[in-house]
């Protein structure tokens, strides 16, 4: 049996020998792989349960320049209350949209600050689609936008801000509108419509007739009143999510892929015994049995050619399962 260990080691087997008995194995990761696969599935399941029980999803539409705390929760687990932050808030410093040369929306951005209880800034980031802000397990995604208000000035009056609301268009396009009084007794006014933050605003009288168009920073005259649109205030649509189970799910998926790869490695074992002038060899593998059989036969053929050892018929000494 002196030649067999060296032949097995050339085939990358780990050899254990005691007296006239021998045991060799290789590809132990092939046995560990299925264990890791099952453990990773349990980890993924645990992470999913944890997220479902303690996570939440909220949506907020916040005007530029406003500060808010997370309140508009649309979905939450039974133990999600502990995840909702109460000791910090979010300020939307600025919201803006980048447009393409053709006038379409290229990207929209939100410059956000995290404020503590003393309204001190502890974090600041600019987010956009596919680039969220993460803070203390809470993730803020940029998902939508809107028009919150319009700032106008009548003649030499102070600048005042009037809210704008989305109008029903049966899904054709997004339009926001508001009504602006042009007389102190509110007996007369005009309607103002806008479809984005940079385009032309349409001015309609009480009869629904288009009387003028104006852009932000410009003025127009309506019934002897100088109407100046100072600015259009955008609002950012944020989706806010907390899911404590995500690290476990991601870790589980990583281990699952690793375990699947490891499971493709063949785990092969060989036993040998020399007794009463005879030499017994057995082996088994969990996959690639034909290749394993050829490997064993090749080793036994090399062993039988060794003058110092009389090996009986090699093919009769191999067993597999």
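Quick note: the coordinates plus some simple rules give every number you see, no bench work behind them. The model shown is predicted, which means the values in this text are computed figures rather than measured ones. With ideal geometry, Cβ positions are generated from the backbone for all residues, glycine too; neighbour counts draw on all protein chains shown.
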Item to complete: Quote the FRET efficiency, to the nearest 0.05, computed for residue 151 versus residue 53 with a Förster distance R0 of 45 Å and r equal to the Cβ-Cβ distance.
Response: 0.50
Practice prompt. First measure r as the distance between the Cβ atoms of residue 17 and residue 284, then evaluate 1/(1 + (r/R0)^6) with R0 = 25 Å and state the FRET efficiency to the nearest 0.05.
Written response: 0.85
Response to the item:
Nearest 10, in degrees from 0 to 90: the angle of helix 289-304 to the longest Cα principal axis of the chain is 30
Item to complete: Let me have the 222 nm mean residue ellipticity of the chain computed from DSSP H runs of 4+ only, each contributing -39500 (n - 2.57), with the sum over all residues rounded to the nearest 500.
Response: -7000 deg cm²/dmol
Response to the item:
Residues 16, 248 in order from fewest to most other beta-carbon atoms within 10 Å are 16, 248
Discussion item. For a test of the definition: using alpha carbon positions, the gyration tensor, and the 1.5 limit on a/c, classify the stretch 89-194 as rounded, prolate or oblate.
Written reply: oblate
Practice prompt. Measure off 7 Å from each Cα along the Cα-to-Cβ vector at residue 82 and residue 31, then give the distance between these two points in nanometres to one decimal.
Written response: 4.1
Worksheet item: What spacing in nm lies between the two simple spin-label points modelled at residue 198 and residue 159, each 7 Å away from Cα in the Cβ direction?
Response: 2.0
Worksheet item: What angle, in degrees between 0 and 90 and rounded to the nearest 10, separates the Cα long axis of helix 246-263 from the longest principal axis of the Cα atoms of the chain?
Response: 30
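How do the peptides 81-92, 151-162 rank, highest first, by the average count of neighbouring beta carbon atoms within 10 Å per residue? Don't skip to the answer; put the middle values down first.
Details: 81-92: 15.5, 151-162: 13.3.
Final packing ranking: 81-92, 151-162.
Rounded if a/c is under 1.5, else prolate if a/b is larger than b/c, else oblate: which is the stretch 217-264, with a ≥ b ≥ c the root eigenvalues of its Cα gyration tensor? Intermediate values should be presented prior to the final figure.
Values: a/c = 10.83, a/b = 5.20, b/c = 2.08.
Prolate, because a/c is 1.5 or more and a/b exceeds b/c.
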Worksheet item: Between [x] 22.0, 66; [y] 23.0, 83; [z] 37.1, 122, which matches Rg and Dmax of the Cα atoms in Å calculated for the structure shown?
Response: [z]
Discussion item. Given a Förster distance of 30 Å, report the FRET efficiency between residue 116 and residue 46 from their Cβ-Cβ distance, rounded to the nearest 0.05.
Written reply: 0.35
Fill in: Where a label projected 7 Å from the Cα of residue 123 along Cα→Cβ would reach, residues of the stretch 84-99 with amide N under 15 Å
84-92
Worksheet item: Between the stretch 1-54 and the stretch 129-195, how many Å separate their Cα centres?
Response: 63
Worksheet item: Once fully extended, how much extra length lies between residue 230 and residue 72, figured as 0.36 nm per residue of separation less the alpha-carbon to alpha-carbon distance?
Response: 53.8 nm
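Fewest to most neighbouring Cβ within 10 Å: what's the order for 264, 109?
Values: 264 12, 109 18.
Going from least to most buried by this count: 264, 109.
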